[in-house]
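Only one structure is covered here, and it is reproduced in the block below.
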Amino acid sequence: LGAITPPVADFDSAIRKAHAEFAAKGIFAHQFPRDEGMGFWVPFDRRVLEIAGVEGNLDRMAMEVHIRWFDHIGIYAYGDTLETLAELKRMGLAFGIISNGLEGEIYDVLGRAKIDASLFDPVVGSDTFSCEKPHVRVFEETAKLAGLRPDECAFVGDRLDKDGGAAKTGMRFFWLDRKGKGSAPEWTERIGSLAELPGLLRSQ
């Protein structure tokens, strides 16, 4: 495909520069139709390769990067995930997913992590409503899709900046802080493990 010669540090810089360029143009994944990422990630990856000084067939290499990405990032389920999901289901709770990835990618990730995708309904990606976290609309539309009001939902996320948008809609928000980063803002409830969820949800 071509010779990739720049060091990893150059790729870090190239990714940041490409991101800034795409942001300046207002071009992000949620503005593209459901095209499995070809409309965004392939051009993005091509620009990263170009900035990094990679030589060769950049179109083909960008496509390979997109196709092989999930083969190399080490996807797995945390040890508390499967049992927590099973316990929540025994409690009669329904759950879905909101991700800034594309819908197709969510199912791919669940499969790789050996998590039953049928447990989740709805499954919402950035292409579902052409909107992504932290925008409140993606949370509101997902609740509506589930036949619920936002204040009837709880959301669990590990990023305050992105996932915290759920709290603005009235959802109960659990901040999953596995690394013990600090105290939780007043608008969230901090948990260190998913195993804490069943007990907290039973208490309400």
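The values are calculated or read from the model by the stated rules, or taken from the named source; none is laboratory data. Please read these numbers as outputs of a predicted model, since none were measured by experiment. Virtual Cβ from ideal backbone geometry, glycine too; neighbours counted across all protein chains shown. Heads up: the accessible areas ignore ligands, DNA and RNA and are worked out on the full protein's heavy atoms, side chains in. Shrake-Rupley method; radii C 1.70, N 1.55, O 1.52, S 1.80 Å.
Just so you know, in the range 109-147 the residues that are assigned to a loop (DSSP other than H, G, I, E, B) and of a type in the set (A, V, I, L, M) include one that is most open to solvent (accessible area, probe 1.4 Å), and it is 146.
Taking the criterion of being open to solvent by 40 Å² or more (accessible area, probe 1.4 Å), modelled with pLDDT under 95, closer than 19 Å to residue 162 by Cα and not hydrophobic (A, V, I, L, M, F, W, C), would at least one residue in the range 97-105 satisfy it? Among the residues of the range 97-105, at least one is open to solvent by 40 Å² or more (accessible area, probe 1.4 Å), modelled with pLDDT under 95, closer than 19 Å to residue 162 by Cα and not hydrophobic (A, V, I, L, M, F, W, C), which makes the answer yes.
For the range 31-52, a residue qualifies if it is open to solvent by 40 Å² or more (accessible area, probe 1.4 Å) and either touching a Cys at 6+ places or on another chain (Cβ under 8 Å) or modelled with pLDDT of 90 or more (or both), and the qualifying residues are 46, 47, 50, 51. Could we say that residue 81 is buried (at least 18 other Cβ atoms within 10 Å of the Cβ), in contact with a helix residue (DSSP H, G or I) (Cβ under 7 Å, 6 or more places away or on another chain) and of a type in the set (Val, Ile, Thr) here? No; evaluated as a whole, the condition is false for this residue.
Of the residues examined, residue 25 is not one that is exposed (fewer than 15 other Cβ atoms within 10 Å of the Cβ), among the basic types (Lys, Arg), at pLDDT 90 or above and more than 30 Å from residue 201 (Cβ to Cβ).
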